[in-house]
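The values are calculated or read from the model by the stated rules, or taken from the named source; none is laboratory data. Please read these numbers as outputs of a predicted model, since none were measured by experiment. Cβ placement follows ideal geometry from the backbone for every residue including glycine, while neighbour counts extend to all protein chains displayed. The area values use the complete protein model at the heavy-atom level, side chains included, leaving out ligands, DNA and RNA. Shrake-Rupley method; radii C 1.70, N 1.55, O 1.52, S 1.80 Å.
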Amino acid sequence: MSEQDSKTRTIWAEDHTVLANERTFSSWMGTGLGSVAIAVGLKAVFGATDPTWVAKLAASLFLVVAITICWMAQKQACK
């Protein structure tokens, strides 16, 4: 095995790691956006219910979850 082969494999391994990190970040961001969609859907479907604070609370909880997921995804990607 030559030195050039090991350098090539190291470069490929680094590329593979970077791409895996980008896929993971994309998945986390997709999950966060899905949580936003659920929040908007809950507010739209249950917004006319009485009491209205229940729908607002549920939507707000999903928005907090979405913000947390996106923040954690950014934090992990920057490591």
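Among residues of region 48-59 that are without any contact (Cβ under 8 Å) to a residue 12 or more places away in the chain, those with a Cβ under 6 angstrom from a residue that is assigned to a helix (DSSP H, G or I) and aliphatic (A, V, I, L, M), sequence gap 6+ or separate chain, pair up as 49/55. Restricting region 38-53 to residues that are in a helix (DSSP H, G or I) and open to solvent by 70 Å² or more (accessible area, probe 1.4 Å), the residue that is nearest to residue 18 (Cα to Cα) is 38.
Quick check on this structure: which one of 6, 35, 26 is at pLDDT 85 or above, open to solvent by less than 70 Å² (accessible area, probe 1.4 Å), in a helix (DSSP H, G or I) and hydroxyl-bearing (Ser, Thr, Tyr)? Explain how you work it out, then say what you get.
Numbers: 6 fails: at pLDDT 85 or above; 26 fails: open to solvent by less than 70 Å² (accessible area, probe 1.4 Å).
One residue alone meets the criteria, 35.
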